[in-house]
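Notes follow once the structure below has been shown.
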Amino acid sequence: MLDDTIAAIATPLGEGGLAVIRLSGPAALAVADKSFLPVGKHSAKPSAAQSHTIHYGRIERGGRTVDEVLVSVMRAPRTFTREDVVEITCHGGILAAKLVLDTVLANGARLAEPGEFSKRAFLNGRIDLTQAEAVADLIQARTELSLAAANEQLAGKLSQRINQLRDDMMKTLAHVEAHIDFPDEDIAPDTKAQLLSRLERGLEFMEELLRTANEGQILRRGIRTAIIGRPNVGKSSLLNQLLGHDRAIVSPIAGTTRDTIEETANVRGLPVVFVDTAGLREAGDTIEQEGIRRSRETVAQAELILHIFDVSEPFSGQDEKYLKQFAHKKRIIVRNKIDLAPKLTFPPELLPGAAGQQAPSVTSNSSLGNSSQKPTPGPSQEGNSRSASGQSRTSAVGGEAFGSNVQPMQSPIPTAISEPSLVQSQSLPPASGLNSISPVVDVCALSGKGIESLKDAIKDLVWAGEIKAEMLQVMINSRHQDALRRAREATMRTLEALRSDLTLELVAMDLRIAVNAVGEVVGKTATEDLLDMIFSQFCIGK
Ligand SMILES: Nc1nc2c(ncn2[C@@H]2O[C@H](COP(=O)(O)OP(=O)(O)OP(=O)(O)O)[C@@H](O)[C@H]2O)c(=O)[nH]1
Ligand SMILES: [Mg+2]
C-alpha cells in the first residue's frame, strides 16, 4: 500500500541531543500541517513551503505544545522514497520523540514497518535491491572497510555490473527466441559462435562475482572467532587485549568465565566477533559444565578458533584431546604467558614442526623447513625474563626433559614476535583430522606483547592477500550468492544445450531461468516474500 502515509522515529531510542521523526507519503504535508505551528516570519506551513526548506516552530496537540522543532519539507520526487517527505527534528528525549510521533499518528499517519521507507524507495524506483541492502549494510557497518564496501554498493557499482550482465543475457535470449519463431531457419554458425561466446563471458563474470562472496560475508557479518582452551590459560586476558579494554573478568582462579562473552573488534579493517568461552575441562560444577557445553557450541558456530595454551604448563592428555577435537577448524594456536618459564612442548605427531620447539619461541618469522637456520641458544634458567634483545630461548626444564629433541622451528630474529609461524602437519594422514597448517603465535596477554602479530595472523588466515579498494566495489552478499549460483547453473545448461544442438526451446528455457536469477539480485524479478524478507531485517524508521 503506497497510498497511505507512514511515520516513524528515525533515530535510536534513548536520550540524545536531537531525534528525528520521519513522514513519507501523499498526505505527509497535510499531516505535518495539522501537527506543526510555524513560528516567525521565515517559517511556513509545510503545504505552503518550498521543497527542501527548513522551518522553525512547535508541534502542538490539543492546544498544548509538545516540543519546539525544526521541520524539513521535501517534495516528491526529489526524496529518498520519491514521495513527499517531512522530517521533524525535535529534542532528543525518549518522551519528546514519542509524543511527536503520537501527534502525527493521531493526525493521519500510520506507523511504518521496519525498512518501509527503504522499501518504498525501492518500489518507486529510487534504488534497486542491492542498494537497499547497502543502506542496511551501511547502518550496521562496524569498520571503515565495511562502510566503504557498503558505500560502493549504495552508489550502484554492483547494480551497474549486474544490469550489464542481464542486458547481455536478454539480448542472447531475444536472439534465440527469434529463431524459435522461424523454425525452418537454423542459427548460422557464426551467429551461434557469437551467442556462445557472449554466454561464456557472462558465465565468467558470474564466477568473478561469486568469488567475492566470502569477503563480502566477512565485511558484513564479521568473523566469528572463538577463544578456547583449558581453564586459566589466559583466554579472557587475551580477549581484553584484543578489544583494547577490560571486558571480561580475569582471575587466577580456574573456571572464572562461566558464560560466553562476545564483542566485536576491528582487526586490520575487518570486523571480528571475538567470543570468550568457559575453560574446557572434565570436572566442574553444573554451572561450569553448562558453560563448557556453550563453549563447544561456540566452537561449532565459529569460523575461526584461537586455541590458547599456557606455556608455563606442560602439555597434557586433555590438551591432546582438544587439539585433535578442533583440528577440523580454521585455527590459530596461541602460546600465552611467554613471560613465564616454559614447560609446554607439543608432541611432534600433533603439531609437527612446533613439536620439538620449546615455548616460548619469541621468534617466528619464517616458514618451516628452513633448516639452514641455527637452533636457538639455550638452555636458560627457569623463571628468567626475556632478554632485552628479544631473542628466543629454551628453558632448563624443556632442555632437560627433551634433550636433543629441542629443535627450534625458526631461527631467532632479534626483532622478536613479528609474524606467526606456520606449523605444517602435512605428513599426517587426513584421517587424523588435523589441519595442514595452523599458525602458531606467541603472546603475553598480561603485557600485550605479540597481540599485533596475532592480529596479522587472523587477517592473513581469513582474507587472502591484500585488501584492495576495487574489491570493495562488488562484494556480494549471501542472497546475491544464492541467485548467482542458480544463474550460473542455468547458464551452464544453456551453453551445453546450445553446443549440442538441442532444440532452441530448451536453450531458451534455461536461459530465461538464468536471466531471472540475475534479475533477482537487483530486484527486477523479486517476489513479495523476498522483499518482505529483506526489508523486515531493517530497523524501524529506515
Ligand atoms: N604471567 C602471565 N599471566 C597471565 C598471562 N595471561 C593471563 N595471565 C594470568 O592468568 C590468570 C588467568 O587468566 P584469565 O584470563 O582469567 O584466564 P582464562 O583462560 O580466561 O580462565 P578461565 O576463564 O578460568 O577459563 C590470571 O591471573 C591472569 O592474570 C600472561 O601472559 N602472563
Ligand atoms: Mg576467562
If we ask which residues in the stretch 332-348 are touching a His at 6+ places or on another chain (Cβ under 8 Å) and buried (at least 23 other Cβ atoms within 10 Å of the Cβ), their number turns out to be 2
Taking the conditions exactly as written (basic (Lys, Arg), within 16 Å of ligand 2 (Cβ to nearest atom) and either within 27 Å of Glu452 (Cβ to Cβ) or in contact (Cβ under 8 Å) with a residue 40 or more places away in the chain (or both)), does Arg281 satisfy them or not?
yes
Looking at this structure, is Ala44 in a helix (DSSP H, G or I) and farther than 27 Å from Ile534 by Cα? no
Taking the stretch 201-239 and the residues there that are within 16 Å of ligand 1 (Cβ to nearest atom) and among the basic types (Lys, Arg), the one that is farthest from Ala302 (Cα to Cα) would be Arg230
Given the conditions (1) within 22 Å of Lys455 (Cβ to Cβ); (2) within 15 Å of ligand 2 (Cβ to nearest atom), every one holds for Ser295 apart from (1)
Residues of the stretch 11-39 being part of a loop (DSSP other than H, G, I, E, B) and at pLDDT 95 or above, in sequence order, are Gly25, Pro26, Ala27, Val39
Just one listed residue, out of Asp33, Asp102, Asp67, is within 37 Å of the chain's Cα centre (by Cα) and charged (D, E, K, R), and it is Asp102
Within the stretch 245-280, restricting to residues that are in contact with a strand residue (DSSP E or B) (Cβ under 6 Å, 6 or more places away or on another chain) and among the small types (Gly, Ala, Ser), the one that is nearest to ligand 1 (Cβ to nearest atom) is Ala248
Only one of (1) in a loop (DSSP other than H, G, I, E, B); (2) within 14 Å of ligand 1 (Cβ to nearest atom); (3) in contact (Cβ under 8 Å) with a residue 60 or more places away in the chain; (4) out of contact with any Asp or Glu (no Cβ under 6 Å at 6 or more places or on another chain) does not apply to Leu242, and that is (1)
Taking first residues from the stretch 134-163 that are in the same structural domain as Phe80 (by TED's automatic domain parsing) and farther than 16 Å from Arg479 by Cα and second residues anywhere that are assigned to a helix (DSSP H, G or I) and not basic (Lys, Arg), the pairs with Cβ under 7 Å that are 6 or more apart or on different chains are none
Checklist entry - What about Ile287, is it β-branched (Val, Ile, Thr) and either assigned by TED's automatic domain parsing to the domain that holds His480 or not in a helix (DSSP H, G or I) (or both)? => result no
Scanning the stretch 115-133 residue by residue, those in contact (Cβ under 8 Å) with a residue 60 or more places away in the chain and in contact with a Phe, Trp or Tyr (Cβ under 9 Å, 6 or more places away or on another chain) turn out to be Gly115, Glu116, Phe117, Ser118, Lys119, Arg120, Phe122, Asp128, Leu129, Ala132
Restricted to the stretch 102-111 and to residues being surrounded by fewer than 24 Cβ atoms within 10 Å (Cβ to Cβ) and among the hydrophobic types (A, V, I, L, M, F, W, C), the residue farthest from Phe538 (Cα to Cα) is Ala106
Only one of (1) more than 16 Å from ligand 2 (Cβ to nearest atom); (2) in a loop (DSSP other than H, G, I, E, B); (3) surrounded by 18 or more Cβ atoms within 10 Å (Cβ to Cβ) does not apply to Val233, and that is (1)
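Table: residues versus (1) under 27 Å from Leu145 (Cβ atoms); (2) assigned by TED's automatic domain parsing to the domain that holds Ala445; (3) away from ligand 2 (no atom under 11 Å from the Cβ); (4) in contact with a Phe, Trp or Tyr (Cβ under 7 Å, 6 or more places away or on another chain).
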residue	(1), (2), (3), (4)
Ala226	yes, yes, yes, no
Asn240	yes, yes, no, no
Asp259	no, yes, no, no
Asn266	yes, yes, yes, no
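The values are calculated or read from the model by the stated rules, or taken from the named source; none is laboratory data. Everything quoted here is computed from the prediction, not taken from an experiment. Heads up, the Cβs are rebuilt from the backbone with ideal geometry, glycines too, and the neighbour counts pull from every protein chain shown.
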